[in-house]
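Below: the structure, in structure tokens.
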Amino acid sequence: MRWTPSSWRDFPIKQQPTYEDEKVLKDVEAELSSYPPLIFAGEARTLKEQLAAVGRGEAFLLQGGDCAESFSDFNTPNIKNFFKLILQMNMVMMYSTGKPVVKVGRIAGQFAKPRSSDFEEINGISLPSYRGDIINGVEFTEEARIPNPHNMIRAYNQASATQNLLRAFSRGGMADLNKVHKWNLDFIKDNELGQRYKELSDKIDKAVKFMAACGLSSDKVPQLHQTTIFTSHEALLLNYEEALTKKDSEGDQQYYDCSAHMLWIGDRTRDLTDAHIEYFRGIANPIGCKVGPTMGEDELIELIDALNPENEEGRLNLIVRMGASKIQEFFPKLLKRVKDEGRNVVWSCDPMHGNIEKSSTGYKTRDFENILSEVEQFFNIHKEMGTVAGGIHLEMTGNNVTECTGSTSCSITDEDLASRYHTQCDPRLNANQALELSFMVGNMINK
Ligand code: PEP
Ligand code: CO
């Protein structure tokens, strides 16, 4: 069947807002589609090539960022801390494995959230659920929860400024390997983990000085003073994605979703006959799809063939999110089937979304032990199957929040959660926890 950027509109769709005024919605869509792209098709193709290398085991994928970006937390320190954290994690994993790390942020567009219920009830009052700042407001009032099409314009502008700052940090000197010490975040510096990172950065420092003495200084070798952080988000709100879908008329004549380099489909919207699959099959970006415990083996093969009919390497990232107590039961058979059928996919592990629990103090949280356990099982299952554990997908922040419990570096308890619980949606790893996990993942890759 013929695909167009709007052909998804003829299919059933889940997890969407109902806008009150069609005319306002149409005007916003028209305005958005006149705006410049946030990424170029060539960059998306570069990411696809790098993901192909991940699929062959020659590189590792690190994808991470907020569960949901918000309008209120949009500021330079947040973006800078995220940037520093992802560079630190990059160094830790690259140094211990000797492989390049492909860095993809859940950033510059991660604004729409699928929800388990259409309504939220507090003290007997029921209101439509919060669906992310691109749709409605998080405040628990009737007015805030009305979907507002203009939020799409604000999301675009925020994504654009975020992308701009990331590009500036990446190219403007902040990623220079001579600055590897400076990426250490203030609240990490003094603990054991900070010391561990310092030891590693001392070694990198020496290597960089040695190379400079050989004539390969960072002002001569761009790879030593620049980096690339690709952007990604769940393409849930297809009105927004369609408006930013553009044909690469000077390139391969294909359509790209120019709202981010990579887009993924959530676990709740991946039905084969639904609108999201229709939209995704027509865009040429590298794409992801979440794979939860309800995924069937035949269903997965059909999904792969719908999304990647040419079996192209680097095109499709399957993001496994089963939960620490379920991955052993549900993942190996899927992996075996995909391996036996010779489909090229990049496997990564999201150890966040299957491990949500409620703390004894009433907070939505995740325990570091479960997160670590799911990642370890993911690596072991691949090892046994002789397949490639390509990457990890995390909800994390460069700030010192208290949203997930546990870890050696900060041992957060249920009681601690209240002190700095800032997320708009799901609990994120703080910078200590994310860095600690990277050291462990580095070891797992080596094994
Ligand atoms: C997410 O990644 O924020 C998310 C909602 O995940 P999932 O679709 O896997 O539940
Ligand atoms: Co989430």
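The values are calculated or read from the model by the stated rules, or taken from the named source; none is laboratory data. Source: prediction; values computed, not measured. Reconstructed Cβ throughout: ideal geometry from the backbone, glycine too, with neighbour counts over all protein chains shown. Ligands, DNA and RNA are excluded from the accessible area calculation, which covers all protein heavy atoms including side chains. Shrake-Rupley method; radii C 1.70, N 1.55, O 1.52, S 1.80 Å.
Taking all protein chains together and rolling a 1.4 Å probe, THR76 ends up with roughly 70 Å² accessible.
With all protein chains kept in place, the per residue accessible area of segment 176-221 amounts to 63 square angstrom at a probe of 1.4 angstrom. Here the label points at LYS14 and ARG420, each 7 Å from Cα along the C-beta direction, are separated by 3.6 nm in the simple model. When all protein chains stay in place and ligands, DNA and RNA are ignored, the 1.4 Å accessible-area order of TYR95, TYR197, TYR421, largest first, is TYR95, TYR421, TYR197. Each residue, LYS189 and SER160, gets one label point 7 Å from its Cα in the Cβ direction; the gap between the two is 3.7 nm. For HIS422, nonlocal amide neighbours, meaning residues 5 or more places apart or on other chains whose placed amide H falls under 5 Å from its own, are THR402. With a Förster radius of 30 Å applied to the C-beta separation of VAL221 and GLU310, the computed FRET efficiency comes to 0.25. So, with +1 on the Cβ of K and R and -1 on the Cβ of D and E, and no other charges, what is the size of the charge dipole of segment 176-221 about its Cα centre, to the nearest 20 debye? Charge dipole, segment 176-221, about its Cα centre: 160 debye, nearest 20.
Kindly identify segment 81-174 as rounded, prolate or oblate by the Cα gyration tensor criterion: order the square roots of the eigenvalues as a ≥ b ≥ c, call it rounded if a/c is under 1.5, otherwise compare a/b with b/c, prolate if a/b is larger, else oblate. Prolate, because a/c is 1.5 or more and a/b exceeds b/c.
With the cut-off at under 15 Å, measuring from each backbone N in segment 334-354 to a point 7 Å along the Cα-to-Cβ line of GLU297 picks out 334-343.
Within the chain, CYS214, CYS258, CYS289, CYS349, CYS404, CYS410 have no other Cys Cβ under 4.7 Å of their Cβ and so lack a disulfide-compatible partner by this rule.
Note that segment 176-221 carries a Kirkwood radius of 11.3 Å, evaluated over its alpha carbons pair by pair. The calculated pair-distance distribution of segment 282-363 uses every alpha carbon pair, bins of 5 angstrom beginning at 0, and gives 3, 14, 25, 23, 15, 9, 5, 3, 2, 1 percent. The charge dipole of the chain, taken about its Cα centre with unit charges on the Cβ of Lys, Arg, Asp and Glu (plus for the first two, minus for the last two), comes to roughly 1540 debye.
For the chain, what number results from the quotient of the Cα radius of gyration and 2.2 N^0.38 Å?
Values: Rg = 21.2 Å, N = 447, 2.2 N^0.38 = 22.4 Å.
Working it through for the chain, the quotient is 0.95.
With 0.36 nm allotted per residue and the present C-alpha distance subtracted, the TYR35-LYS364 stretch has 114.7 nm of extension available.
Each stretch of four or more DSSP H residues adds -39500 (n - 2.57); spread over every residue of the chain, this sum gives -12500 deg cm²/dmol at 222 nm. Between the beta carbons of ASP202 and LYS333, assuming R0 = 60 Å, the FRET efficiency works out to 0.85 to the nearest 0.05. The heavy atoms of ASP21 present about 70 square angstrom of accessible area, all protein chains included, probe 1.4 Å.
Shape class of segment 121-202 from the alpha-carbon gyration tensor: oblate, with a/c at 1.5 or above and b/c at least as large as a/b.
Taking 0.36 nm per residue of sequence separation and removing the Cα-Cα distance, the GLU49/MET440 pair yields an extension gain of 138.1 nm. Per-residue SASA remark: ARG343, around 60 Å² accessible (1.4 Å probe; ligands, DNA and RNA not included). One decimal place: the segment ASP21-SER126 gains 35.5 nm when fully extended, by the rule 0.36 nm per residue minus the C-alpha distance.
For THR231, the residues whose modelled amide H falls within less than 5 Å of its own, excluding neighbours fewer than 5 places apart on the same chain, are GLY105, HIS261, MET262. Loop-located GluC sites (Glu not before Pro) in segment 90-143 (DSSP state not H, G, I, E or B) with no more than 15 neighbouring Cβ atoms inside 10 Å: GLU139, GLU142, GLU143. Among the helices of the chain, those built from whole DSSP H runs whose Cα atoms reach 20 Å or more along their own axis and whose mean Kyte-Doolittle hydropathy is at least -0.5 are 41-55, 76-97, 368-385, 431-446.
Across the protein chains, with a 1.4 Å probe defining accessible surface, the residues THR46, THR387 rank THR46, THR387 from largest area downward.
Share of carbon and sulfur in the accessible area of the chain stands at 49%, probe radius 1.4 Å. For an R0 of 22 angstrom, estimate the FRET efficiency from the Cβ-Cβ distance between LEU272 and ARG2 and round to the nearest 0.05. My answer for the efficiency is 0.75.
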